[in-house]
Every structure is written in structure tokens, then in C-alpha cells.
Amino acid sequence: MKLHELKSPEGSIKRKRIVGRGIAGKGGKTAGRGTKGQKARRQIPAGFEGGQLPLMQRIPKLKGFTNPFRVEYTPVNVDALAQLGVSEITFDLLVSKGLVGKKEFVKILGRGELSAKLNVSAHAFSESAKAAIENAGGTTTVLDKPFKVRPAASGNQHQNR
């Protein structure tokens, strides 16, 4: 059997009733819509609520805000640093190994164990990562960000974005 040979069982498909064709038969005159009133007319817009303020206009818009000064970090865990097998870990090394992108900031997080001594340079460290690196005999160096923590405000609240 092929797809084009498939047929529906006999009597399973019924023809849709055609209404509004003169006064004869069941679907004549008012065509099943009753008499008068809004629902007997041609069309009501979608979302129309009888003159009441529609739901789409009632719900609040533009609530909350996004902080324009937020600094996003790319997380790198201590166990990922241990797998590199290098004692001196710099930002350029992490970029070359594909752990972070060129224009991203790195934050070292504390998941995993360290057995070797590591000297790590990154933009930020979690407390647990700092403790793990220093307990293994390594050092942590915080890199400078290419901007101030929060730029100086200029103009008003709408211009300073």
C-alpha cells in the first residue's frame, strides 16, 4: 500500500453544512445566529470585550529594568584549570584553549580539586576558588577591567544608558 492509495472509511467524512442560502431548509434566514445583537452581525474583532478595556491593554508593560552597568563573567572551574596541565594560567592561555572568548571576562569558580601549584590570573575569583588555589600553594592575580566599576553619570536618568 502506498500513501496515495489511502482512503478514509465510508461515511467518516461529512460535508460541512452550508448556511445562509435563502429561507428554505435548516440554515436559512438567520443562518443559526439567532436574531439581532452583536453576534448576529458580520464580524467582531479578535480580543474585543464588549467595550471593556481589553486584556492586552490592561496588563502592565515595561516593568522592571536591566542594569546597564552589569558585568557578565564567563565561569571557569578549578577542575578545568587542573586539566590544562600548566602551572602558569593567564587570560591569553584560556582564550587559546577555547575556555573563554577574546572579549569576555573570566571568573574562576571553586568546583573540583587541585593537587598541583597554580598561578592564576583572571578578572574575578570566587571565595572557594581562591581558597582552593592558595591551599595548593598557588597564587591568584586579579586583572584590571578596561573600565571603571560604574561610569560617571552624565545628563539625566534617560540619557545615562
>> Based only on Cα atoms, what mean projected area does the convex hull of segment 73-142 have, in nm²?
In response: 3.8
> For all pairs of alpha-carbon atoms in segment 19-58, what percent lies in each bin of width 5 Å, listed from the first bin to the last filled one?
Replying inline: 6, 21, 19, 15, 13, 9, 9, 5, 2, 0
> Just from the alpha-carbon atoms, what are the Rg and Dmax of segment 53-110 in angstroms?
Replying inline: 20.1, 66
> Points 7 angstrom from Cα along the Cβ direction at Asn135 and Ala46: gap in nanometres?
Replying inline: 5.9
> Between Lys26 and Lys2, what FRET efficiency comes out of the Förster formula 1/(1 + (r/R0)^6) with R0 = 35 Å and r the beta carbon distance, rounded to 0.05?
Replying inline: 0.30
> What is the sum of charges around Gly110, taking Lys and Arg as +1, Asp and Glu as -1, for the other residues whose C-beta is under 13 Å from the C-beta of Gly110?
Replying inline: -1
>> Full-extension gain between Glu127 and Glu10, please, as 0.36 nm times their residue separation minus the C-alpha to C-alpha distance.
In response: 34.7 nm
>> Suppose we look only past 20 Å in the calculated P(r) of the chain. What percent of the Cα-Cα pairs does that tail hold?
In response: 73
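Here, each number is a calculation from the coordinates, and none is a lab measurement. Source: prediction; values computed, not measured. Cβ: placed from backbone, ideal geometry, glycine included. Neighbour counts: every protein chain shown.
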